Amino acid sequence: MPTPPAMPARRRRPRNRREQILTVAACRFGDLGYHRVSMADIAAAVDIGASALYRHFRGKQDLLVAVVDDTLTELEGLVDDRADDLPAIVDALAHAALRRRHFGALWDRDLAYLPERDRHRLQSRMRALVSRVADLVAADAVGPAGEARLRAHALWAVLASPSRHRVDRDAARFAELLGQAAMAAVRAPLPTEPTLAPRQLPGAKPQLPVSRREAILTAAIRLFDRQGYPTVGLTDIGAAAGIAGPSIYNHFASKTEILSAALARGNEALWLALHHALTTADGVEDALEQTIDSYVTFAVNNPAMVSVLLSEVINLPAEQHDTYQRSQQAYVNEWVALLGRSQPHLPEPEVRLLVHAALGVTNDLVRVRLLQGRDRLPTEIAALARAVLGLGTLSQS
């Protein structure tokens, strides 16, 4: 009697299926942007059917909440499990930052797309985590206690910086560099007198430009920053600019064209400031100092533009996206070249990691609302960026 054919082995569901989904979702959201990823994309990447994915998560928003929630749970545990040993906490967080490399970009760019209740709950947890670290910083750092929150935010910015670049390094060395840079921000002495121009003074009365094209750009940049490009419509931009929505077409052919013009404005402003720093510098060290100051000055006076430059390039069509990414990379390369000449003992990848960390400190601190009342904030940010780059105070810490 012939032997019946063997039935194919039934594929068993892995016990860590949920963790697999979260890992894939974090990578997809981080690389492509929340609005460019579907549940079907994630299911295919995990090699499961869409129905199986929906057994774990009700929808894409629920999945993003779970990704952020899962990361915050790990970070909270790392802080709580190490008592009051700040260096040990920073070391553990640095390793976690590499394991969860996309978290910084997701938090900065995609949290706005969550339901208000979920967003506020997650933000409350992050504020509590920053406050916990600020308490530890106050006990560890030099300087007035009022600086602790500033330093704590700088620490988190350093640890989140790998989400903004693809530079790779041996994991142990990568974490070591991140930890050193974060601790430099914690312990670097801060100046007592302001040397950089502050942001707009309290009580100021800003004016919209007379040019309607400029008014549209100003309104669009503000809305893209607050709500995210995908959720802003031309009608919204027209209302914010004080003109009828259809009138926008007299100046821009589409919302994409408005975004492209906004990004071009920001990129050109950065390059102009860099050009001035390089052409008026007295040597490498002075050029690096001026470059840091020029970027901080731009960022503190244009925080909404910083957000758009960081988060919205991903929403451009492929060809334009690549063009702007190359321009941004070229700008970073100028920093890398200057720091490399200033710190010739460091390998180029390590120089690049530190540059991204210093830029991350600047980009994050100018957008923390609780810090905006500090009259020395621009000068303090510049000092923290210098410390992260290893200029002056880091080598002595």
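The values are calculated or read from the model by the stated rules, or taken from the named source; none is laboratory data. Nothing here was measured: the structure is a model prediction, and the numbers come from that model. Note: ideal-geometry Cβ built from the backbone for every residue, glycine included; neighbour counts use all protein chains shown. Just so you know, the surface numbers come from the protein's heavy atoms only, side chains and all, with ligands and any DNA or RNA stripped out. Shrake-Rupley method; radii C 1.70, N 1.55, O 1.52, S 1.80 Å.
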Report summary line: Per the filter on the range 97-122, residues surrounded by fewer than 20 Cβ atoms within 10 Å (Cβ to Cβ) and hydrophobic (A, V, I, L, M, F, W, C) are LEU98, TRP107, LEU111, ALA112, LEU114, LEU122
Query raised in the report: Just one of GLU334, GLU350 is of a type in the set (Asp, Glu) and open to solvent by 20 Å² or more (accessible area, probe 1.4 Å); which is it?
Result: GLU334
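Considering only the range 239-249, state which residues are among the aliphatic types (A, V, I, L, M) and open to solvent by less than 70 Å² (accessible area, probe 1.4 Å).
Result: ALA240, ALA241, ILE243, ALA244, ILE248.
Being at pLDDT 95 or above and within 25 Å of the chain's Cα centre (by Cα) is the requirement here; does ALA182 meet it?
Yes: the conditions hold for ALA182.
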**Report entry** Boolean, VAL332 is under 20 Å from ALA105 (Cα atoms) and touching a Phe, Trp or Tyr at 6+ places or on another chain (Cβ under 6 Å)
**Finding:** no
**Report entry** Flag for ARG386 being part of a helix (DSSP H, G or I), open to solvent by less than 60 Å² (accessible area, probe 1.4 Å) and at pLDDT 95 or above
**Finding:** yes
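Could you say whether any residue in the range 226-244 is in a helix (DSSP H, G or I) and closer than 22 Å to ALA157 by Cβ?
Yes; the residues of the range 226-244 include at least one that is in a helix (DSSP H, G or I) and closer than 22 Å to ALA157 by Cβ.
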Requested in this report: Could you check how many residues of the range 200-238 are small (Gly, Ala, Ser), touching a residue at least 12 places away in the same chain (Cβ under 8 Å) and open to solvent by 20 Å² or more (accessible area, probe 1.4 Å)?
Outcome: 1
Query raised in the report: How many residues, within the range 274-313, are open to solvent by less than 30 Å² (accessible area, probe 1.4 Å) and in a helix (DSSP H, G or I)?
Result: 20
Query raised in the report: Across the range 251-272, which residue is farthest from ILE221 (Cα to Cα) among those that are among the hydrophobic types (A, V, I, L, M, F, W, C) and within 22 Å of the chain's Cα centre (by Cα)?
Result: TRP271
Query raised in the report: Within the range 361-383, is even one residue of a type in the set (A, V, I, L, M, F, W, C), part of a loop (DSSP other than H, G, I, E, B) and under 26 Å from ARG127 (Cα atoms)?
Result: yes
Query raised in the report: Out of (1) surrounded by fewer than 18 Cβ atoms within 10 Å (Cβ to Cβ); (2) at pLDDT below 95; (3) of a type in the set (Ser, Thr, Tyr); (4) closer than 28 Å to ARG117 by Cα, what's the single condition that is false for THR73?
Result: (2)
